[in-house]
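*Asks:* Take this structure first; my questions come after.
The values are calculated or read from the model by the stated rules, or taken from the named source; none is laboratory data. Small disclaimer: the values here were computed from a predicted structure and weren't measured. Here Cβ is always computed from backbone atoms with ideal geometry, including for glycine, and neighbour counts include all displayed protein chains. With ligands, DNA and RNA removed, areas are computed over all heavy atoms of the protein, side chains included. Shrake-Rupley method; radii C 1.70, N 1.55, O 1.52, S 1.80 Å.
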Amino acid sequence: MKSVTVTGGGIAGLSAAVFLSERNYKVKLFESSPKLGGRAYSFFDKEKNQFFDNGQHILAGWYKNTFEYLNITGSSGNLNFQKTLEINFINQEKRLYRLNCPAVSPPYNILAGLLKFRALDFRDKTALINLKKLFAGRINADTFRNVKELLTDLKQTDNLIKYFWDPFNLAVFNTVSENISAELFLNVINRGFKEKKSSALVIPEVNLNELLIDGTVKYFRERGIEFFLNTGVSRFAVNESCKKIEFLELENGSRETSDYYICAVPFFGFRKLFEKKVFDEFGYNTEKLKSSAIISVHLFFKNRIPGKLIPENSSGMTGLTGTKVQWIFKRSDIHLSLVISGAGYLGLIEKSSEDIFEIVMNDLKMTIKGFDETALSDYRIIKEKRATFIPDKESSKYRPKQKTYLSNFYIAGDWTDTGLPATIESAVTSAKICTEEITNSF
Ligand SMILES: Cc1cc2nc3c(=O)[nH]c(=O)nc-3n(C[C@H](O)[C@H](O)[C@H](O)COP(=O)(O)OP(=O)(O)OC[C@H]3O[C@@H](n4cnc5c(N)ncnc54)[C@H](O)[C@@H]3O)c2cc1C
């Protein structure tokens, strides 16, 4: 049995451990923090005596590698798969618009949904014809500096951008179209509009710990995978000829050796694990990747949320337009979870929780009919400053391949070169690539 050590217990590290164990490798995992899950986690709120997520996570029908991982760990039953893409939007005039795509093959599902979408007028609908080039895969990404330019070239109207492309971009890329590389955008379009169900949303029905961690820990115990919390790796030691890793050193000073090493830490924690000489040899510029923030707001009501306040649909997800808050998720009869993506770009991340709460209240009063602030009992605000990397055109130069010049060393993580934005699917895809590379290495 060949051995592998995995550094980092986020989704990339966890799924790498699972995929490798499936191939009969002996795996050990080290995580520096007191918990598994990395940027996708639930925390226990003593006052409420309940777990809450650090931020609402949604998956999509095209997250193939993620579903494979969740199937292995027995957690896929905790997902609500929409039959087809269906989202409610509410605008600043408190008007509700339902985007409802029929169950036909893509791209006709999305085009038919947009043709029926009442937020769009005749001119907007005529502009849909220009998307032919996009769905036919006839766009050269290199000719655009960003997605804003690409959408302008496709003559997308203000309404199409406001009610479709802006929400899509913020949800998938956590930033505005000026900051998104056309190449990554086209990769997502190709995956998302490939099969009937690939564009449908997939919403976790349980908290992130239950979805991503509990099943994995059970799997680890059954398969004898050892994992160590509060056990950070301080460096990877490279042999004299700079050809392979000799051992890794833990922050407590002890050393670990294995046949293979996977490093699954975030981009901002990668460089310090190597001596300068070794890092220079990689030729990476990982420190040039930039971060984008997400603010999550949990609102608790004193009594049951009135039925008509947030109109129901199959995802429990409502988009707001023209506001800082972009998405509202109904998590229980008394709990709403709100998302503000691109929060740094919107100038919110440095604001106090009180100021953010006030902004959120104004947004809700502006959009939700009958919203009454005094019906709330409590709120929590969670700021994730480094939620994702900014997927601009430059970023592709700084994302390393999973296989490195060191023969026994691999890199996993949503920020590595997967061709995808920073998502759970990118993290799991990187783990899958590492597993394939290791398996094929002899
Ligand atoms: C609020 C929020 C909302 C999001 N929403 C979505 C969504 O809706 N859909 C979606 O697909 N994605 C979403 N994402 C992105 C998704 O969470 C990430 O892409 C994914 O979790 C990244 O996993 P990772 O394993 O690559 O990295 P990380 O989760 O960052 O894991 C890295 C791990 O390495 C550990 N580590 C660091 N240094 C060391 C060291 N020296 N030794 C040992 N361990 C170390 C860290 O503690 C961490 O646990 C969201 C993220 C946030 C923050």
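*Asks:* Determine the percent antiparallel among the DSSP beta bridges restricted to the chain, to the nearest 5. Could the numbers behind the result be given before it?
*Replies:* Numbers: 47 of 65 bridges.
Bridges in the chain are about 70 percent antiparallel.
*Asks:* Using a 1.4 angstrom probe on the protein heavy atoms only, line up TRP165, TRP62 by accessible area, largest first.
*Replies:* On the way: TRP165 0, TRP62 25 Å².
The ordering from most to least exposed comes out as TRP62, TRP165.
*Asks:* While we're looking at this one, here's another question. Sum up the charges of everything whose Cβ sits under 14 Å from the Cβ of VAL217, counting Lys and Arg as +1 and Asp and Glu as -1, but leave VAL217 out. Could you put the intermediate results ahead of the total?
*Replies:* On the way: positive: LYS35, LYS218, ARG221, ARG223; negative: GLU31, GLU210, ASP214, GLU222, GLU226.
Charge balance in the 14 Å sphere: -1.
*Asks:* If the reach is capped at under 23 angstrom between alpha carbons, list the lysines near LYS369, excluding any in the same chain fewer than eight residues apart.
*Replies:* Leaving aside lysines fewer than 8 places away in the same chain, those within reach of LYS369 are LYS94, LYS162, LYS302, LYS308, LYS324, LYS330.
*Asks:* Going by a ≥ b ≥ c, the root eigenvalues of the Cα gyration tensor, does the stretch 232-297 fall in the rounded group (a/c under 1.5), the prolate group (a/b larger than b/c) or the oblate group? Mind dumping the intermediate values first?
*Replies:* Details: a/c = 2.74, a/b = 1.56, b/c = 1.75.
Oblate shape, in that a/c is at least 1.5 and b/c is the bigger or equal ratio.
*Asks:* With the dipole of the stretch 248-319 worked out from charges on the C-beta (+1 for Lys and Arg, -1 for Asp and Glu) around the Cα centre, which of ILE262, ALA293, SER314 lies farthest toward the positive end?
*Replies:* About the Cα centre, the residue reaching furthest to the positive side is SER314.
*Asks:* Counting only Cα, what are the radius of gyration and maximum Cα-Cα distance Dmax of the stretch 24-145, in Å?
*Replies:* 20.8, 60
*Asks:* Compute the whole-percent fraction of alpha carbon pairs in the stretch 366-433 spaced more than 16 Å apart. Don't skip to the end; give the middle numbers.
*Replies:* Details: 1417 of 2278 pairs.
Summing the P(r) tail past 16 Å for the stretch 366-433 gives 62 percent.
*Asks:* If you average the C-alpha positions of the stretch 372-426 and of the stretch 1-16 separately, how far apart do those two centres end up, in angstrom?
*Replies:* 17
*Asks:* Around ASP392, what is the net charge, scoring Lys/Arg as +1 and Asp/Glu as -1 over all other residues with Cβ under 13 Å from its Cβ? Write out the running numbers ahead of the final one.
*Replies:* Details: positive: ARG145, LYS148, LYS288, LYS290, LYS393, LYS397, ARG399; negative: GLU149, GLU178, GLU183, GLU394.
So the environment of ASP392 carries a net charge of +3.
*Asks:* Hey, what does the equivalent ellipsoid look like for the stretch 38-78, semi-axes from the Cα gyration tensor as sqrt of 5 times each eigenvalue, largest first, whole Å?
*Replies:* On the way: eigenvalues 127, 28, 14 Å².
Whole-Å semi-axes of the equivalent ellipsoid: 25, 12, 8.
*Asks:* For the chain, how big is the tail of P(r) above 30 Å, as a whole percent of Cα pairs? Each step should come with its number before you reach the end.
*Replies:* Working: 44254 of 97461 pairs.
That tail contains 45 percent of the Cα-Cα pairs.
*Asks:* Could you work out the helix-only [θ] at 222 nm for the chain, with each DSSP H run of four or more residues adding -39,500 (n - 2.57) and the total divided by the number of residues, to the nearest 500 deg cm²/dmol? Walk me through the intermediate numbers first.
*Replies:* Numbers: 13 runs with 116 residues, N = 442.
Computed ellipticity for the chain at 222 nm equals -7500 deg cm²/dmol.
*Asks:* Quick one: divide the alpha-carbon radius of gyration of the stretch 296-442 by 2.2 N^0.38 Å and tell me what you get. Write down the numbers at each step before the final one.
*Replies:* Numbers: Rg = 20.3 Å, N = 147, 2.2 N^0.38 = 14.7 Å.
Here the Cα radius of gyration is 1.39 times the empirical estimate.
*Asks:* Taking the alpha-carbon distance from LYS288 and a cut-off under 21 Å, which lysines remain once sequence neighbours fewer than 8 residues away in the same chain are dropped?
*Replies:* Within the straight-line limit of under 21 Å, LYS288 reaches these lysines: LYS272, LYS276, LYS277, LYS385, LYS393, LYS397, LYS401, LYS403.
*Asks:* Which percent of the accessible heavy-atom area of the stretch 103-195 goes to carbon and sulfur, probe 1.4 angstrom?
*Replies:* On the way: 2340 of 4560 Å².
Here carbon and sulfur together make up 51 percent of the probe-accessible area.
*Asks:* To the nearest 20 Debye, how big is the dipole of the chain about its Cα centre, given +1 on the beta carbon of each Lys and Arg and -1 on that of each Asp and Glu?
*Replies:* Details: 60 positive and 51 negative charges, 192 e Å.
That gives the chain a dipole magnitude of about 920 debye.
*Asks:* Given N residues in the stretch 103-195, what is Rg(Cα) / (2.2 N^0.38 Å)? Intermediate results must be reported in sequence, preceding the final value.
*Replies:* Working: Rg = 12.5 Å, N = 93, 2.2 N^0.38 = 12.3 Å.
Dividing the Cα Rg of the stretch 103-195 by 2.2 N^0.38 Å gives 1.01.
*Asks:* While we're here: Give, rounded to the nearest 20 debye, the magnitude of the charge dipole that the stretch 103-195 has about its Cα centre when Lys and Arg contribute +1 at Cβ and Asp and Glu contribute -1 at Cβ.
*Replies:* 320
*Asks:* Further, regarding this structure: For ASP158, ASP355, give me the order by solvent-accessible area with a 1.4 Å probe, most accessible first, ignoring ligands, DNA and RNA. Spell out each step's value before the answer.
*Replies:* Working: ASP158 125, ASP355 75 Å².
The ordering from most to least exposed comes out as ASP158, ASP355.
*Asks:* Here is a further query. Solvent-accessible area per residue for the stretch 128-199 at a 1.4 Å probe radius, Å²? Working shown, then result.
*Replies:* On the way: 3380 Å² over 72 residues.
Here the per-residue accessible area is 47 Å².
*Asks:* Same structure, new question: Mind telling me which of ALA171, ALA112, ALA136 comes out most flexible in a GNM of the chain, alpha-carbon contacts under 10 Å?
*Replies:* Evaluated over the chain, the most mobile residue of the options is ALA136.
*Asks:* Could you please report the charge total around SER198, scoring K, R as +1 and D, E as -1 over all other residues with beta-carbon less than 13 angstrom from its beta-carbon?
*Replies:* Numbers: positive: LYS64, LYS83, ARG191, LYS194, LYS196, LYS197; negative: GLU195, GLU425.
Taking every other residue near SER198 into account, the sum is +4.
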